[in-house]
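Visitor: For reference, the structure I am asking about is given below.
The values are calculated or read from the model by the stated rules, or taken from the named source; none is laboratory data. These numbers come from a predicted model, not from an experiment. With ideal geometry, Cβ positions are generated from the backbone for all residues, glycine too; neighbour counts draw on all protein chains shown. These area figures cover heavy atoms from the full protein model, side chains too; ligands, DNA and RNA do not enter into them. Shrake-Rupley method; radii C 1.70, N 1.55, O 1.52, S 1.80 Å.
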Amino acid sequence: MKNRLVTSPLLIIVCLLVLLGGCSSVSAPANSATEAGKPESTAEPKKGGTITIGYMDEPDTLDMYKSANLAAAMVGSEIGARLFYYDPKTQDVKPYLAESYTISEDWKTWTFQLQSGVVFHDGTPLTAAIYKQTIERALDPETASPLGEYLFGAIQSIDAPDDKTLIFHLKKPSAQLLTNLWEPAVTQPVSLAAIEKMGADYGRNPVGVGPWKFDSWKTGESITLVRNEGYQWGNASVKNQGPPLADKLVYKFIKDSQTMIAALESGSIDIAANVSAKEMKKYKESNEVTVLERMKWGSSFLEMNTENEILQDIQVRRAVNMAINKDAIVKGVLLGEGEIAHSPLPSSLFGYDPASAEYDYKYNVEEARKLLDAAGWTVNAQGIREKDGKPLAVELLSWDAWTRTSQLIQGLLKEIGMDVKIINLDAATVVDVAGKGSFDMALMNYTDNDPNALSLFLHSSQIGSLNHSRVHNKELDALLEKGSATLDKDERKKIYAEIQRLVVDQAYWVPLYVEKEFFLVNNRVQGVTLEPMYGFGLQDSWVKD
Amino acid sequence: MRVLGKAVHTNAVKERTTALPRFELLGKVMQSKKAKYSFVLLFIIILLGIIGPWIAPHDPLESNYEAFLQEPSAEYWLGTDSIGRDLLSRMLYGARVTLTVAVMSVAITVVLGTVIGVTSAYLGGFIDNLLMRIMDMLLALPGIVLALAIVAVLGPSLTNAMIAIGISSIPSFALLIRGAALTIKSSGYVEASRSIGSSNRWIMVFQVIPNIAHVLIVYTTLFVGAAILDSSALGFIGLGAQPPTPEWGTMLNEGKGFITEAWWLATFPGLAITLIVFVVNLLGDALRDIFDPRAASK
Amino acid sequence: MAQYLWNRLAAGLLVVFGISVFTFALVHMIPGDPVRMMLGQKATQEQVEQVREQMGLNKPLVEQYATYVTGIVQGDFGTSLKTGQPVLKEITNRFPATVKIAVSAILIAIVVGIALGMVAAKYKDTIVDRAVLTLATLGVSIPGYWLGLLLMLLFAVKWKWFPIAGGTGFKDLVLPAVTLGVYASTIICRLTRSGMLEVLSQDYIRSARAKGIDETIILFRHAFRNVMIPVVTVVGLQMASLLGGAVLIEQVFSWPGIGTLAIDAIFSRDFPMIQGTTLFMGIVYVSVNIVIDLLYGFIDPRIDVSQQKAGA
């Protein structure tokens, strides 16, 4: 792969995208391997076999431009490829489908040279024109892409003068665009011929340029991918730049964590994703199973609907913030394998404001009660607060993974006289229902590689989409816009510090925690790594027998 | 899971025709060893359900943040659950919840099922046909499926679970009662009442129902067992009692995620459900044997 | 016979019609406005009206029902809100897996149930009999999903004899099928026992015994055949209760059948799918019972099925 020298503006950008803490656990956590099967790695890799991954959620669709779902992105990252990849060792963005690229002095013209010989699974060659159309489709309101505007909003227009040259003309400089372009799945080129052919069914018959080809999807059960024999454009982060070694890659959807472990034990899956700290500890010393870990690239939080009659009162939201004992949650649910979130950003992400540990709401039941008293909520005979005959009662949307956290929160809020009813739904349905604003509180988390993720959740333009809290704050909007357009690192940091202070002050959310994610890999499968952000590195993986 | 419990018991009981004088009932029950022991056991369980809140060592809803997933110990006899609540206390409160659901849902079944069954048998003709076709239709759905559909629409909650289970058991109960009532209808004294001009309603309430009382008792007992299984099944799926309510099925659901690391969480509620249903079924069997000596002799 | 078949089918259709009214009514029982629920509170009145028109919800109920039934007759059970796929397609994808465990369970139940029932009858009133009867009561009392968890813990987690949450192959099948079969086998066991006892007291068995014919031969050749009829009936009826049981057992073993489909649909508020799975299970039940009724005639030619009252 030819890699033109990085030009000076680019250096700055690279600095901007650095995600410090997140990488530290990716590169080499003290106690565990990031690469599975170390003890056996002397054996010769060989072709064939099936790698089966157990995952708790099922994608909503595999059309990457119609989903904001992590499960979908995880599968999509294997089916597709993107312009860049992120090297956690050097904390650099490096070329993948883009062979080389330049960015103009004014930051407004980005020119990419695409690799040649890249072909979609359906046989259509990847051209700059297709990439252009992919992005235009993502921005087309008709596509209703939940992430399109977030990912490509800075782009004014795109040119594709020849098959290999792709030019972005930006409305304004964007600090986030390059980060987006290495995101594992959601900026990948898609076969427009396939979309035309399949129409609405494309989401269940995706066609990309990645190392794995979509084979079948049994709803509620599994998605099967097969090796893309034509894949020759692997990036430099892996040894094997050709087709993957295993024949098949199967994602099995297993909601129940216990069933997931049992499935790993019995050999019906090779990789158990996102297992609990408690389970992980049992396998630390195992010879048959390797533990991989990664600090989550994003945080978990409780979001409140600011248009809700009760929660529109900032004092109530603050009281909720003070009533939640995050320490207990991290200790009890995560067994300490994670950290308390002070601000809406995880401490590992660029832009995190360390001062938030000082100014955030501390667990203080007395203070919370006082706030509610002052807001006119009085305790009735059942210990639930009332105001004008209406009880202080809210519904909390939750899904399987949140079972314990939601019940702890229910108990903690009861302490301050708030009645919480937990509504358990499927994860995708929670996002959907919350997006429509038909909720009071919801548990939510995100994974992202840029602090501008906050604009997805808090910018007023995202109401009806991911701005579940329906935050409509002009000051915040302006700051978020400034944050995404500012290139200077220190300047940008300051803006995000301001944003965090504002969001914490307004108490739209209760930031809960940043968890460590644990993955168990059966040593039958060798060479499995964790990609930055999410997903697995399977390019050098192979099945022993 | 049970659905057919009902239909099968039909075979066993339908042949019984002679009714015992009512005052002999208790004596007969006490004569049967099986009945006596199951009766006593059931009584103990009910007692525990009633006095549970007073003898529970901890608040069933309060988390001890220092004691998540603790093994059974002197402090927590049955251990703690995944968010540090005392399992024993939750079991005791749960007995009350489980029994309430069972009693309430069976009450719905028995009242409506008896009304439909007796009306159908006594009036016969078009009404009988219509009611029975409707019952056939509802019978074509497994009870739990019917209950799921109802809960899906009404939303999951304890009350809705009771309603769903109560309604879903009506058809089979009504069919059984109709069968029993038919035999009474053809007996001489009903004819006699009718000939002296008693109203239909009077005959149904004061002649038909008292004469099928023993059948009612047996079926009701058997349906209680089924109702407990169904309500805890809904809880197990997550569509019955909602957190933090300590209901045994719901607790099983919460415990199933921790089977390997905290065996006690799924073990005790499961045992409790099995035990109470077993006892109720034993009692039902024993009562059936008493009322139907022919079946007993087999 | 043909006349009977028609009557039977007509009665079955009537029941299916009734179920379709029920499943149709389900969506109209949703508290609040289903369109509001789909679009969210913030949708404008205009949008709501538009969707209502698209879904035909602004038409009179009878007309809506007619549309619904016409769709079903043509194999259109609606479209899943979650996957955007036709509901019937999803159901038929999943249904074979459910049939697989239901049929295996019933086979297990027949073998175990009849064997235990015969043993109990042979050793009537002994400790063996009492043990079998107690076991049978225990079998109907133990919650299937709990039994499933216990079996999973022992045989899959601890001893690793069987896989868990794998595919739908033979080895994956064993635990769910056994769990599901336990309940059915207790019913068959009781029935076999009482049937056997009745037959064994008949004159021709007594005379066979008097003639000194071997007891085993008596049990199998003479008595067993007469017990088959009630057992077959129960097997037919059990298929329905097994469908219900399967809903729960599938949940325990993450078995990709129609039960998990139905429950997932509830947690995704996928109402067309909830309607579809419910209706489909009803149709299956009715069909199985018609087939069983007809089978009677073949098992025992002495029974003239056309003399029996038709009823679903």
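Visitor: In chain C, if the dipole is taken from +1 on Lys/Arg beta carbons and -1 on Asp/Glu beta carbons about the Cα centre, which of C:Phe22, C:Ala223, C:Trp6 is farthest to the positive end?
Guide: C:Ala223
Visitor: May I ask for the angle, rounded to the nearest 10°, between helix C:224-253 and the longest principal axis of chain C, with both axes built from Cα atoms and the value confined to 0 to 90°?
Guide: So the inclination is approximately 40 degrees.
Visitor: Quick one: how many lysine pairs does region A:126-251 have with C-alpha atoms less than 29 Å apart and a gap of 8 or more or different chains? Give me the count, please.
Guide: Final tally of qualifying lysine pairs is 16.
Visitor: Just the C-alpha atoms of region B:92-151: what Rg/Rh do they give, with Rh taken as the Kirkwood radius?
Guide: 1.12
Visitor: Restricting things to Cα coordinates, could you compute the convex hull volume per residue of region A:40-107 in Å³?
Guide: 201 Å³
Visitor: Accessible area, 1.4 Å probe, largest first: how do A:Asp490, A:Asp162, A:Asp388 sort?
Guide: On the way: A:Asp490 100, A:Asp162 75, A:Asp388 145 Å².
Putting A:Asp490, A:Asp162, A:Asp388 in descending order of accessible area: A:Asp388, A:Asp490, A:Asp162.
Visitor: Leaving ligands and nucleic acids out of the surface, order A:Arg524, C:Arg206, B:Arg194 by accessible area at 1.4 Å, largest first.
Guide: If we order A:Arg524, C:Arg206, B:Arg194 from most to least accessible, we get C:Arg206, B:Arg194, A:Arg524.
Visitor: Turning to a different aspect of this structure: Probe radius 1.4 Å, ligands and nucleic acids left out: which of B:His58, C:His28 has the largest accessible area, and how do the rest follow?
Guide: I get C:His28, B:His58, largest accessible area first.
Visitor: Under the rule a/c < 1.5 gives rounded, and otherwise a/b versus b/c splits prolate from oblate, where does chain C land using the Cα gyration tensor?
Guide: oblate
Visitor: Averaged over A:498-508, how many beta carbons belonging to a partner chain fall within 10 Å of each residue's beta carbon? Provide the component values of the computation, followed by the final result.
Guide: Working: counts 0, 0, 0, 0, 0, 0, 0, 0, 0, 0, 0.
The shielding value for this peptide is 0.
Visitor: Semi-axes of the equivalent ellipsoid for region A:297-386, please: Cα gyration tensor eigenvalues, times 5, square-rooted, ordered largest first, whole Å.
Guide: After scaling each eigenvalue by five and taking roots: 27, 15, 12 Å.
Visitor: Using Cα pairs closer than 8 Å and at least 6 residues apart in sequence, work out the relative contact order for region A:382-466, in percent.
Guide: 31 percent
Visitor: Any idea what % of Cα-Cα pairs in chain A are farther than 36 Å?
Guide: Percentage above 36 Å: 33.
Visitor: Taking a probe of 1.4 angstrom, what is the accessible area of B:Glu191 in Å², to the nearest 10?
Guide: 100 Å²
Visitor: Now for a separate question. Evaluate the charge dipole of the protein assembly as shown about its Cα centre and quote only its size in Debye, nearest 20, assuming +1 on the Cβ of each Lys and Arg and -1 on the Cβ of each Asp and Glu.
Guide: 4160 debye
Visitor: Counting only pairs 8 or more residues apart or on different chains, how many lysine pairs in chain C have their Cα atoms under 21 Å apart?
Guide: Final tally of qualifying lysine pairs is 6.
Visitor: Using the C-alpha atoms of region B:55-170, what convex hull volume per residue, in cubic angstrom, is computed? Walk me through the numbers on the way to the answer.
Guide: Working: hull volume 14.0 nm³, N = 116.
Cα-based convex hull of region B:55-170, divided per residue, equals 120 Å³.
Visitor: Find the lysine pairs in chain B meeting two conditions, Cα atoms under 27 Å apart and a separation of 8 or more places or different chains, and report how many there are.
Guide: 19
Visitor: Set Lys and Arg Cβ to +1 and Asp and Glu Cβ to -1, take the dipole of the protein assembly as shown about its Cα centre, and tell me which of B:Met30, B:Leu216, A:Thr219 lies farthest positive.
Guide: My answer, from the dipole projection, is B:Met30.
Visitor: On average, how many beta carbons from a partner chain sit within 10 Å of the beta carbon of a residue in C:274-286?
Guide: So the per-residue partner count for this stretch is 3.
Visitor: Then there's this: So how much accessible area does C:Asp214 have, in Å² to the nearest 10, using a 1.4 Å probe?
Guide: In the full protein context, C:Asp214 sits at about 80 Å².
Visitor: Counting only C-alpha contacts under 8 Å and six or more residues apart, can you give the relative contact order of region A:124-168 as a whole percent?
Guide: So the answer I get is 44 percent.
Visitor: What are the chymotrypsin sites (Phe, Trp or Tyr not before Pro) within region C:127-200 that DSSP puts in a loop, where the Cβ has at most 12 other Cβ atoms within 10 Å?
Guide: Answer by residue number: C:Trp159, C:Trp161.
Visitor: With every protein chain in place, what's the accessible area of A:Tyr86 (1.4 Å probe, Å², nearest 10)?
Guide: 10 Å²
Visitor: Further question: For region C:131-225, report the convex hull volume of the alpha-carbon atoms normalised per residue, in Å³, without decimals.
Guide: 134 Å³
Visitor: Still on this model: Across 5 Å bins from the origin, how do the percents of Cα pairs in region C:1-156 run, short distances first?
Guide: The percentages, shortest bin first, are 2, 6, 8, 11, 12, 10, 11, 10, 10, 8, 5, 4, 2, 1, 0, 0.
Visitor: Diagonalise the Cα gyration tensor of region B:148-251 and give the resulting equivalent ellipsoid semi-axes, square root of 5 times each eigenvalue, largest first, whole Å. Numbers along the way, then the final one.
Guide: Numbers: eigenvalues 299, 34, 20 Å².
Equivalent ellipsoid semi-axes, largest first: 39, 13, 10 Å.
Visitor: Taking the protein assembly as shown on its own, what percent of its Cα-Cα pair distances exceed 61 Å? List each step's numbers first, then the result.
Guide: Details: 107599 of 666435 pairs.
Tail of P(r) above 61 Å: 16 percent of Cα pairs.
Visitor: If you fit an axis through the alpha-carbon atoms of helix B:143-154 and take the longest principal axis of the Cα set of chain B, what angle between them do you get, 0 to 90°, nearest 10?
Guide: 70 degrees
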